[in-house]
Amino acid sequence: MRGKAIKKRVVKADTKYGNANIAKFINYLMLGGKKTIAQRLMYSALSEIETKMKKNPVEVFEEVIIKIAPQVEVRSKRVGGANYQVPIPVRGERQFALACRWIIGAARNIKGMSMSDKLAKVFMESYEGVGDAIKKRDDVHRMAEANKAFAHFARF
């Protein structure tokens, strides 16, 4: 490895709930540097969850992230002229990043609502164990299970 190792920046907790994971999610949600818009979307989605589900929205958010976060994923590995899809375990930081990405992608694919309503809908569906984000996680796990035979190549 060349040069110095880059220090991991710590994201400060968000202003309303004091949760660092919500602040990170807002950063993933943000487009074009418009952080106040992303905050407004996220906070209105969380307040909608609170009114519809009658539960603490931060706990719902945390549980949804845990439900969607993948345990294993496949990576391509070239061995002797052939590419194999090798299942490898996912680190904690990447689990969170993938879960956020899948939630935001599922919300953006819904048509005909405001983004805060879409986010709230995806959170509520995922909390119940259904929806596109859960399906994406299941697809990744199924792919890893199907390629379990190539796990012995997993020396990264």
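Readers should treat all values here as calculations from the given coordinates under stated rules, not as data from a laboratory. As the structure is a computational prediction, the values presented were derived from the model and not from experiment. Every residue, glycine among them, receives a Cβ derived from its backbone with ideal geometry; neighbour counts consider all protein chains shown.
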- Message: Please compute the Kirkwood hydrodynamic radius of the range 1-40 from all pairs of different C-alpha atoms, in Å with one decimal.
- Response: 11.6
- Which entries in K54/K136; K8/K35; K34/K136; K52/K118; K54/K118; K12/K34 show an alpha-carbon gap greater than 23 Å? K54/K136; K34/K136
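So for R108, R155, R137, fewest C-beta neighbours within 10 Å to most, what's the order? Don't skip to the answer; put the middle values down first.
Values: R108 13, R155 7, R137 20.
Exposure proxy ranking, most exposed first: R155, R108, R137.
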- Message: Rounded, prolate or oblate for the range 108-156? Axes are the square roots of the Cα gyration tensor eigenvalues, ordered a ≥ b ≥ c, and the cut-off for rounded is a/c under 1.5.
- Response: prolate
- Query: Using +1 on the beta carbon of Lys and Arg, -1 on that of Asp and Glu, and nothing else charged, what's the dipole of the range 20-153 about the Cα centre, debye to 20?
  - Reply: 480
- Query: Could you give the nm distance between label points at R40 and I6, where each point is 7 Å from its Cα heading toward the beta carbon?
  - Reply: 3.1
- C-alpha center-to-center spacing [the range 1-68, the range 107-122] in angstrom: 16
- Note on the structure: For the chain, averaging the sequence separation of alpha carbon pairs under 8 Å that lie six or more residues apart and dividing by its residue count, the contact order in percent is 24
- Note on the structure: For the pair E63 and N19, the simple spin-label estimate (label points 7 Å beyond Cα toward Cβ) gives in nm 1.2
- Assuming 0.692 mPa s and 37 °C, estimate D for the chain with Stokes-Einstein, Rh taken as the Kirkwood radius over Cα pairs, in µm²/s. 191
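Please give the length that would be gained between I88 and M53 if that part of the chain were fully extended, namely 0.36 nm times their separation in residues minus their C-alpha to C-alpha distance (nm, one decimal).
Details: separation 35, 0.36 × 35 = 12.60 nm, distance 3.59 nm.
Going from the current span to full extension adds 9.0 nm.
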- Query: If one takes the longest principal axis of the Cα atoms in the chain, at what angle in degrees, from 0 to 90 and to the nearest 10, does the Cα axis of helix 132-146 lie?
  - Reply: 10
